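Read the structure below first, then the notes.
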Amino acid sequence: MKYFMLLLSFIAITLAPFFGQIPIELYKLDNPTTVDYKLFWDIRLPRVIVAFFAGSILALGGLIFQSLFKNPMGTPYTLGVASGSTLGVAFAVVFGFGSLLSLFGFLGALLTVVILFALTLRLKSYQTNSLLLVGIALAFFYNAALMILFYLSDESQSFEIIRFTMGSVDVIGLNNTIPILLASVGLLLLSWWYQKELKLLLTSNDYAYLKGVEVKRVNTVLLVAVSVAVGVCVSITGPIGFVGLIIPHIVKTIYKKSAEQLMLPIFFYGGVFLVLSDLIARNLGSNSDIPIGIITAFLGGPFFVYLIMRKRN
Amino acid sequence: MLTIKNHNSNILTDISFHLKQHENLIILGSNGAGKSTLAKVLCGITPSNNVTINGKKITQLKTKERTKLINYIPAKLEIFDEYLTLEQYLDLSRLHTLLASKNILKLLELEHLKTKPCQQLSSGEQQLTMLASAVLHNARITIFDEPTANLDPKKSRDVYALLKSKLFQSKIIITHDLNLAYRLGYKILYIKDGKISFFDTSERFFHPSNLDHFFASSVQKVDEYIMVNL
């Protein structure tokens with residue numbers, strides 16, 4: 001089952017860039033003057049790469065947040081990091097920084113992390129539940145601020161913001177895939193480095209402390225790393241929900257291993273999930289792409305409920 | 001070796017005592033008296049500058065040195081991950097011992113459970129798992145929070161034998177089991193409403209007049225056993 005899934009996923013990823021509304025003819029791919037060449041190398045391939053690495057960041061980031069907060073609901077989305085990023089982008093759209101969308105999205109995510117940490121330091125010990133509540137409150141606050149921006153914006157700006165919040169992995173040119181690729185691989189390497197600490201933190205903070213983990217320091221490093229990676233990701237793709245929540249759960253249910261052993265599968269299948277979602281988004285609509293966020297929620301939601309029901313029985 | 005001096009918090013009032021090297025201690029007290037709170041202060045989970053081990057403040061010890069000196073076994077096993085197995089859990093605890101994990105698994109009759117996720121173990125099995133982890137951690141001082149609370153009589157006796165054995169260095173044992181406390185014969189610390197109201201030898205504590213003072217008529221000494229008078 002696992003090997004079959006792995007094989008199928010590899011085939012799906014390899015074939016993904018060849019499918020789309022406009023058919024590509026293979027023999028034209030080594031000829032830079034053809035439209036097919038441009039379509040493949042500048043549009044299709046970057047798109048698949050961005051989808052894969054965005055998915056892997058969201059899934060691995062979800063796993064790490066869930067482990068650190070000891071809460072299956074604790075993902076970068078529930079903590080308001082993605083909402084912060086969205087707000088940054090909306091701000092840029094409304095106040096005329098249209099060329100700096102990514103930067104503002106990234107700053108919004110970073111600002112959220114700074115706020116979360118300023119508040120955490122005021123909490124006596126490292127109370128993960130209070131931080132989660134702060135994150136939820138923050139997301140509400142951001143939503144209200146976003147509504148103000150909608151109110152201030154004209155029609156075309158509103159449309160731009162709405163399209164951003166629906167999510168898209170549309171990136172043109174291979175060079176533009178480099179930031180998300182670096183963020184993704186960086187996060188994977190860092191979580192590998194902290195594998196032992198993560199395993200101890202999967203029991204309880206007290207146990208990890210007694211076995212010699214500097215709980216506060218490790219938590220801080222990993223939370224900041226995930227937030228930066230998610231910030232990079234959201235600023236490029238917009239907020240794509242559900243991946244961080246469901247992929248870790250699905251992979252855990254299938255592999256039945258402790259979370260720190262599943263970092264690579266979760267990283268991989270997070271990527272596969274978004275590549276497939278994007279493939280559907282690109283090929284389903286007859287004359288335009290369906291936003292990818294809608295596909296992930298449509299696919300992920302029911303499957304997630306199915307898994308939970310199956311577990312109960 | 002272990003000293004706490006004038007410690008005060010919401011729950012604890014003016015706690016001071018000293019434990020010499022190789023000395024063991026039993027902490028008694030009614031529910032909610034502050035026993036576990038005190039244990040968490042002593043092992044550093046609740047940081048306090050009033051605790052010194054080997055002449056160094058616990059808050060200033062290097063992490064590795066601290067793990068060598070003190071360990072705490074809580075009353076309940078707390079594990080977030082659904083699939084972390086007993087064997088993996090024990091591996092994480094194997095810090096300062098040369099003992100092989102499988103020997104301790106055999107000793108506590110846990111071998112057949114080693115690939116089972118900790119969350120699926122019964123509370124008694126979880127209790128034994130934590131005791132096994134204490135052996136493998138092998139700290140100079142180990143604090144046990146109610147080590148026999150969930151065990152059947154035979155297992156309780158096994159744990160008593162384990163606590164008596166040379167597998168542990170110094171022990172601090174929090175318990176409600178007066179018979180266990182009496183049998184072990186270690187020094188007794190009695191906490192009432194967050195204050196130390198007794199700190200002396202076992203013989204003095206288990207003197208009939210003293211038992212009446214602490215437990216009214218609910219506890220009796222019959223022959224060489226401490227019984228709860230139901």
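The values are calculated or read from the model by the stated rules, or taken from the named source; none is laboratory data. Note that the coordinates shown come from a computational prediction; the quantities given were computed from them, not determined experimentally. Every residue, glycine among them, receives a Cβ derived from its backbone with ideal geometry; neighbour counts consider all protein chains shown. In case anyone asks, the SASA skips ligands and DNA or RNA and just uses the protein heavy atoms, side chains included. Shrake-Rupley method; radii C 1.70, N 1.55, O 1.52, S 1.80 Å.
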Quiz item: Taking B:Ile174, is it touching a residue at least 60 places away in the same chain (Cβ under 8 Å) and within 25 Å of A:Leu210 (Cα to Cα)?
Solution: yes
Within the range B:122-150, residues open to solvent by 30 Å² or more (accessible area, probe 1.4 Å) and in a loop (DSSP other than H, G, I, E, B) come out as B:Ser122, B:Asn138, B:Arg140, B:Glu146, B:Ala149, B:Asn150
Exactly one of A:Ala139, A:Ala109, A:Ala82 is open to solvent by less than 10 Å² (accessible area, probe 1.4 Å), within 21 Å of A:Ile294 (Cβ to Cβ), of a type in the set (A, V, I, L, M) and touching a residue at least 40 places away in the same chain (Cβ under 8 Å), and that one is A:Ala82
Scanning the range B:164-187 for residues that are open to solvent by less than 20 Å² (accessible area, probe 1.4 Å), part of a loop (DSSP other than H, G, I, E, B), farther than 25 Å from B:Lys221 by Cα and not aromatic (Phe, Trp, Tyr) gives none
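Counting only residues that are farther than 25 Å from B:Leu151 by Cβ and either open to solvent by less than 60 Å² (accessible area, probe 1.4 Å) or at pLDDT 95 or above (or both), how many does the range B:198-217 have? Even if it seems obvious, please write down each step before you answer.
Taking the range B:198-217 as the starting set, the residues that turn out to be farther than 25 Å from B:Leu151 by Cβ are B:198-201, B:203-204, B:207-210, B:212-213, B:216-217.
Those left that are additionally either open to solvent by less than 60 Å² (accessible area, probe 1.4 Å) or at pLDDT 95 or above (or both): B:198, B:200-201, B:210.
The total comes to 4.
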Given the conditions (1) in a loop (DSSP other than H, G, I, E, B); (2) within 25 Å of B:Leu211 (Cβ to Cβ); (3) within 14 Å of chain A (Cβ to nearest Cβ), every one holds for B:Glu23 apart from (3)
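For A:Gly80, are the conditions met, namely being more than 14 Å from every other protein chain (Cβ to nearest Cβ) and on the phi > 0 side of the Ramachandran plot? Quick ask: steps written out before the conclusion?
Working: more than 14 Å from every other protein chain (Cβ to nearest Cβ): yes; on the phi > 0 side of the Ramachandran plot: yes.
Criteria met by A:Gly80.
Among the residues of the range B:129-149, is any modelled with pLDDT under 90 and within 24 Å of B:Ser30 (Cβ to Cβ)?
Pass one, the range B:129-149, residues modelled with pLDDT under 90: B:149.
Next, only the ones that are within 24 Å of B:Ser30 (Cβ to Cβ) stay: B:149.
Checked against the condition, which is being modelled with pLDDT under 90 and within 24 Å of B:Ser30 (Cβ to Cβ), the range B:129-149 yields at least one hit.
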Can we say A:Pro46 is in contact with a Ser or Thr (Cβ under 6 Å, 6 or more places away or on another chain), open to solvent by less than 60 Å² (accessible area, probe 1.4 Å) and assigned to a helix (DSSP H, G or I)?
-> yes
When the range B:45-73 is checked residue by residue, the ones that are surrounded by 21 or more Cβ atoms within 10 Å (Cβ to Cβ), within 13 Å of another protein chain (Cβ to nearest Cβ) and not in a helix (DSSP H, G or I) are B:Ile70, B:Asn71, B:Tyr72, B:Ile73
Within the range B:88-107, the residues that are outside any loop (DSSP other than H, G, I, E, B) and within 11 Å of chain A (Cβ to nearest Cβ) are B:Gln88, B:Tyr89, B:Asp91, B:Leu92, B:Ser93
